[in-house]
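Structure first, commentary second.
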Amino acid sequence: MKVVIAYIEEPPFGWTHADRSATGADIELADSVLRAIGVRHVEHRLTTFAELLPGVQSGRWDMNVPLFVTPERTAKVEFSVPVWAIGDGFLVRSGNPKALNSYESVARHADARLGVIVGQVQHVSARAKGVRDEQILLFREQAQAIAAVEAGEIDAYASTALGNRIVAERLGLARVEAVAHESGTGVDKQAPVGAFSFGKGNRALVDAVNRQLRVYLGSAEHRRCMARFGLSEREIDPVLG
């Protein structure tokens, strides 16, 4: 049995090594679960965020790495049980010149510019908190948004607090820093949850993945694997039944 899983360049969840192999917290979780249900060959397909849902809907691949579960997305695809819960945060230039620590703080600064990835939930969240369209710049990929922060083209890039923390550590705190949202839900049990997604007609694979996830999530092996990528009980425990 072969399963093709799509991923995007977004450390620590997924990224591509120099030898073109894929790695990351979500990749490792998928590989462990798929091997456990008898999948002999797992193919990792690099794509853009905007193509994740259309790709799995049309059958170009079998499943996607986890993304935030929303009612709009649930109408389009089948989701697995949740695998992590993570709040939003900003990546800003070192020193955080405009003291941005929430979407509301961006809304209060008429000259503040916020970067988001096309189609990600942070765009909706920002607008819901009063950030105006003219303040928002859209990017197709994370690397473009990070470069815009460093170049001063935007004042903050909105993504997961965890992901931004990993990026800041990788780039060096002299260049950028990660800021968790003060007014957001942070890492408590109300943080948004993420899950693998599948085409609506792929019920057998969804059920098999869910059975193994219920066994594996929260286990010592799972925690050790996720810790390698910076995920801790703060991101794992809220989704455990």
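The values are calculated or read from the model by the stated rules, or taken from the named source; none is laboratory data. In this text the structure is predicted, and so the values were computed from the model without any measurement. Note that each Cβ is placed from the backbone with ideal geometry, even for glycine, and that neighbours are counted across all protein chains shown.
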(request) Could you please find all residues in region 28-42 being part of a loop (DSSP other than H, G, I, E, B) and crowded, with 18+ Cβ neighbours inside 10 Å? (result) Val39
(request) Take the residues in region 43-86 that are among the hydrophobic types (A, V, I, L, M, F, W, C) and in a helix (DSSP H, G or I), then tell me which one is nearest to Gly199 (Cα to Cα). (result) Val56
(message) Kindly evaluate Ala191 against the criterion of being crowded, with 17+ Cβ neighbours inside 10 Å, of a type in the set (A, V, I, L, M) and farther than 17 Å from Leu91 by Cβ.
(response) yes
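Here is a yes/no grid of residues against (1) in the same structural domain as Pro12 (by TED's automatic domain parsing); (2) of a type in the set (D, E, K, R):
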site	(1), (2)
Val42	yes, no
Gly59	yes, no
Phe68	yes, no
Arg73	yes, yes
Val92	no, no
Arg127	no, yes
(request) Confirm whether Ser197 is in contact with a helix residue (DSSP H, G or I) (Cβ under 9 Å, 6 or more places away or on another chain), among the hydroxyl-bearing types (Ser, Thr, Tyr) and not assigned by TED's automatic domain parsing to the domain that holds Gly14. (result) no
(request) Examine region 187-194 for a residue that is closer than 21 Å to Val124 by Cβ, at pLDDT 95 or above and aliphatic (A, V, I, L, M), and state whether such a residue exists. (result) yes
(message) For Val167, only one of the following conditions fails: (1) in contact (Cβ under 8 Å) with a residue 24 or more places away in the chain; (2) loosely packed, with under 15 Cβ neighbours inside 10 Å; (3) not assigned by TED's automatic domain parsing to the domain that holds Ala25. What is its number?
(response) (2)
(request) Filter region 59-90 down to residues that are polar (S, T, N, Q) and without any contact (Cβ under 8 Å) to a residue 24 or more places away in the chain, then give me how many there are. (result) 1
(request) Those residues that are part of a loop (DSSP other than H, G, I, E, B) and either touching a helix residue (DSSP H, G or I) at 6+ places or on another chain (Cβ under 6 Å) or not basic (Lys, Arg) (or both), I need them from region 10-27; list them, please. (result) Pro11, Pro12, Phe13, His17, Ala18, Asp19, Ser21, Gly24
(message) Regarding region 121-136, can at least one residue be identified that is closer than 23 Å to Met226 by Cβ and touching a residue at least 40 places away in the same chain (Cβ under 8 Å)?
(response) yes
